[in-house]
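Let me begin by presenting the structure, written as C-alpha cells, before commenting on it.
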Amino acid sequence: MFSTLDKQKVTHFGLWADECRDHEMAKAALGILRNAIARCEDDDVRSAELDEVLHWIEKRSIRKHPVRCFRASLEIQHPCERRAAMTDACVRVMRELGLYNGRL
C-alpha cells in the first residue's frame, strides 16, 4: 500500500489533494506502528509491511533519526525494553509527521 503511492499522482486537484492523501496515509502509518507496539512483547513484529511504512515515513521526514530509532528498537531482545523504546521512537515519528497530540 505505501510503496505504490510514489507512482500515483493526482492531476486534477493539485497540491491540495496530495496533501490530504499524505495526511491520511500518515495516520494509517501511525496505526500500523501502534499495532506493532501493541504486539511487540509477544510477537516478532518485523515484517515487509512495517518496513514499507518506515521507508515511507523516512522519505517524507526531514529528520531521519526517529525512524532509525524505531528500526533499532525492533532489535532489542527484552520485551519490556523493546516496547518502551518503540513507544519513545513512535512519539518522535509522530512529532516529525506533525501528528503528535500529547498521547500515543
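Can you run down the residue pairs with Cβ atoms below 8 Å, 6 or more apart or on separate chains, where the first is in region 78-89 and within 16 Å of D43 (Cβ to Cβ) and touching a residue at least 24 places away in the same chain (Cβ under 8 Å) and the partner is β-branched (V, I, T) and not in a helix (DSSP H, G or I)?
Within 8 Å, the pairs are R82/I76.
Mind checking which residues of region 52-65 are open to solvent by 70 Å² or more (accessible area, probe 1.4 Å) and over 18 Å from V91 (Cβ atoms)?
Restricting attention to region 52-65, the residues satisfying the condition of being open to solvent by 70 Å² or more (accessible area, probe 1.4 Å) are 55, 59-60, 62-63, 65.
Of everything in region 52-65, those that are open to solvent by 70 Å² or more (accessible area, probe 1.4 Å) and over 18 Å from V91 (Cβ atoms) turn out to be H55, K59.
Looking at R34, R82, R95, R68, which is the one that is touching a Cys at 6+ places or on another chain (Cβ under 9 Å), open to solvent by 80 Å² or more (accessible area, probe 1.4 Å) and assigned to a helix (DSSP H, G or I)? Reasoning before the result, please.
Details: R82 fails: open to solvent by 80 Å² or more (accessible area, probe 1.4 Å); R95 fails: touching a Cys at 6+ places or on another chain (Cβ under 9 Å); R68 fails: touching a Cys at 6+ places or on another chain (Cβ under 9 Å).
That would be R34, the only listed residue that is touching a Cys at 6+ places or on another chain (Cβ under 9 Å), open to solvent by 80 Å² or more (accessible area, probe 1.4 Å) and assigned to a helix (DSSP H, G or I).
Looking at region 34-57, I want the residues that are touching a residue at least 40 places away in the same chain (Cβ under 8 Å) and have a partner that is of a type outside the set (D, E, K, R) and part of a loop (DSSP other than H, G, I, E, B) with Cβ atoms under 6 Å, at least 6 apart or on another chain. Which pairs are those?
Listed pairs, sorted by first residue: A36/V45; E52/F2; E52/S3; V53/F2; W56/F2.
Here is a check on your reading of the model: is E49 open to solvent by 80 Å² or more (accessible area, probe 1.4 Å), among the acidic types (D, E) and more than 17 Å from A29 (Cβ to Cβ)? I'd like the intermediate steps shown before the answer.
Details: open to solvent by 80 Å² or more (accessible area, probe 1.4 Å): yes; among the acidic types (D, E): yes; more than 17 Å from A29 (Cβ to Cβ): no.
It is false that E49 is open to solvent by 80 Å² or more (accessible area, probe 1.4 Å), among the acidic types (D, E) and more than 17 Å from A29 (Cβ to Cβ).
The values are calculated or read from the model by the stated rules, or taken from the named source; none is laboratory data. From a predicted model like this one, the values you see are computed outputs, not experimental measurements. All Cβ positions, even for glycine, are placed from backbone atoms using ideal geometry, and neighbour counts span all protein chains on display. Please note that ligands, DNA and RNA were not included when accessible areas were found on the heavy atoms of the full protein model with its side chains. Shrake-Rupley method; radii C 1.70, N 1.55, O 1.52, S 1.80 Å.
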